[in-house]
Amino acid sequence: MIANTLSEVKKFSENQINKFREILLSAGEVQEKTFEGLIAKNPKIIIIDDLENPKGIGALKIPYNNYRDKVFRLSKSQVDPNLFKYELGWVVSLEKGNGNKIMTLLVNNNYRIYATARKDNTAMIYLLKKYKFKEEGISFLSNRGNYELLLFIR
């Protein structure tokens, strides 16, 4: 059983990955055109409680190097982006109170991880700080909408 366990995507069924995609798309957390390429990189994902009808999901994505480098550059970070293999993301809680559980499972490791959060997403910023992420650099405009992002590293 792989529910509630951080596992590589290749360990999940096609139906489970499709459910994961459906949740992310409906939450606005991913663009259809980039999902397949990011999934092909075999990220580590978490599905909370029920693999067919999850209560929450999240991932340690393996970002494209040019995207990762751009995030660090736009935030004016002085930290080397090459130190970070994983980007925390695709965190969607479908039932109140699962955000904490998802974050615990995603960050309970020794990986160097970075994350971005909308500047106005106080719940995610709270969780990132709770799990020892520190804000890095300055806010910057997202290329996916008219909002600012913040970079966090751990």
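So how tilted is helix 98-107 from the main axis of the chain? Cα-based, degrees 0 to 90, rounded to 10.
70
Using a 7 Å offset from the Cα along the Cα-to-Cβ direction at both GLU135 and ALA123, what is the distance between the two label points in nm, to one decimal?
Once both label points are built, they end up 2.0 nm from each other.
Determine the share of the chain's accessible area contributed by carbon and sulfur atoms, expressed in whole percent, with a 1.4 angstrom probe.
Roughly 47 percent of what the probe reaches on the chain is carbon or sulfur.
Any idea of the accessible area per residue across segment 42-145, 1.4 Å probe, to the nearest Å²?
On a per-residue basis, 53 Å².
For the chain, what does -39500 (n - 2.57) per DSSP helix run (n ≥ 4), summed and divided by total residues, give at 222 nm, in deg cm²/dmol to the nearest 500?
-10000 deg cm²/dmol
Say a paramagnetic label sat at a point 7 Å from the Cα of GLN78, along Cα to Cβ; which residues of segment 129-143 have their backbone N under 11 Å from it?
Backbone N within reach: 137.
Per residue, what volume in Å³ does the convex hull of the Cα atoms of the chain enclose?
Hull volume normalised by residue count: 107 Å³.
Given segment 1-70 reduced to its alpha-carbon atoms as identical point scatterers, what log10 I(q)/I(0) does the Debye formula return at q = 0.20, 0.24, 0.27 Å⁻¹?
With no solvent term, the Cα-only Debye profile gives -0.80, -1.13, -1.38.
Assuming R0 = 22 Å, what is the FRET efficiency of THR34 and LYS85, from their Cβ-Cβ distance, to the nearest 0.05?
Efficiency for this residue pair is about 0.75.
Go ahead and run the numbers for FRET between LYS70 and ASN100, Cβ-Cβ distance against an R0 of 25 Å, rounding to 0.05.
0.25
With Rg and the Kirkwood Rh both taken from Cα atoms, where does Rg over Rh land for segment 39-114?
Rounded to two decimals, Rg over Rh is 1.03.
The values are calculated or read from the model by the stated rules, or taken from the named source; none is laboratory data. None of the values given here were measured: they were computed from a predicted structure. Every residue, glycine among them, receives a Cβ derived from its backbone with ideal geometry; neighbour counts consider all protein chains shown. Surface areas here come from the heavy atoms of the whole protein model, side chains and all, with no ligands, DNA or RNA. Shrake-Rupley method; radii C 1.70, N 1.55, O 1.52, S 1.80 Å.
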